[in-house]
Amino acid sequence: MSFAAQTKKELTSISDKPCCERAELTALVQHCGRINTDIEPVALELATEHAAIARRMYRLLKAETGYNLEVLVQRKMRLKKNNVYIIRLRNNVFTILEQLYIARDSTDISSCIPHDILKSTCCKKAYLRGAFLASGSLNDPDSHSYHLEIYCKSVVNADELLRVFTSFHLHAKKTQRKKGFIVYLKEGDKIVEFLGLVGAHQALLHFEEVRIVKEMRNQVNRLVNCETANLNKTILAAVRQLDNIRLIEKVLGFEQLPIKLRVVAEKRLQYPDITLQELCEVLPDKVSKSGLNHRLRKLDSIAQKIRADRGIFEES
Ligand SMILES: [Zn+2]
């Protein structure tokens, strides 16, 4: 089961205060409901591909209305061949919509988020839960980018949903899709906060766990890369020092070198693999690392001069 499906499954098992269950139902109606006018009397139909969400819609709508509901299962022909579950209400549809704060004369039931919901913090959270259940999606925290989105049929609903996000300091963004709009979050810590707000605590813990492990792994990788780079630099420097010293030995002979440079050249040849620090320690005279570097630079310039004089170009 995908992380999104797991999160939704967890959300469908939450029980909440009556005001909040009604707000969640409003979101479910606005995000996956439609008025079917092809049948008489007109019906309110809520459609979902998730059996657990269908069961929840059934429970919430039944509790709100007290009416008998029809449950239909359709096999989707195109695209993914998942079942579509439809919960159908045929009694007093417009009265029920009004009860859910959705205006009875509204031609588009999916536009404005009702004011009664917007003014209550607990109900706003429940509305977010309903909207996410109905038309939300969420990347697995292990995938390469964090992403949570809620699809909205109307721009009004998307704008209002954005305001609900903002009221919880979740700075979501909105973008247009072929049909409708999406409101989305990209930052891991904002997604974690969202999961907490809507009550998906198991999902939140899992998300955090994966995120922490992932970030630690990235940090370790960065450190390893950095160390590898340093090591490469050290090795390249040592190779160059040895080249210089061998060239000087061949062309000038060590006896031509000042004694301070001569001991460095001899010890470097004797211990080609040790670090500069270790090289300092094997030199007979006490020399600091910067002093040693200074001498190595002198050897380097002598070697450069030899190369220039002989017209030998360094191979790199
Ligand atoms: Zn409430």
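The values are calculated or read from the model by the stated rules, or taken from the named source; none is laboratory data. Owing to the predicted nature of the structure, the values given are computational and were not obtained by experimental measurement. Neighbour counts run over all protein chains shown; Cβ positions are idealised from the backbone, glycine included.
Quick notes
- In summary, helices (runs of 4 or more DSSP H) completely within segment 188-284 and bearing 1 or more residues that are in contact (Cβ under 8 Å) with a residue 60 or more places away in the chain and either of a type outside the set (A, V, I, L, M, F, W, C) or touching a Phe, Trp or Tyr at 6+ places or on another chain (Cβ under 8 Å) (or both) occur at 188-198, 201-251.
- Options Glu215, Glu227: the member that is more than 17 Å from the chain's Cα centre (by Cα), acidic (Asp, Glu) and not assigned by TED's automatic domain parsing to the domain that holds Ile53: Glu227
- The conditions of being surrounded by 15 or more Cβ atoms within 10 Å (Cβ to Cβ) and more than 16 Å from the ligand (Cβ to nearest atom) are met by Glu160.
- Single match in Ser135, Ser145, Ser111, Ser120 (criterion: within 14 Å of the ligand (Cβ to nearest atom) and of a type outside the set (Lys, Arg)): Ser120
- Selection of segment 12-53 for residues being of a type in the set (A, V, I, L, M) and surrounded by fewer than 22 Cβ atoms within 10 Å (Cβ to Cβ) yields Ile14, Ile35, Ile39, Val42, Ala43, Ala47, Ala51, Ala52.
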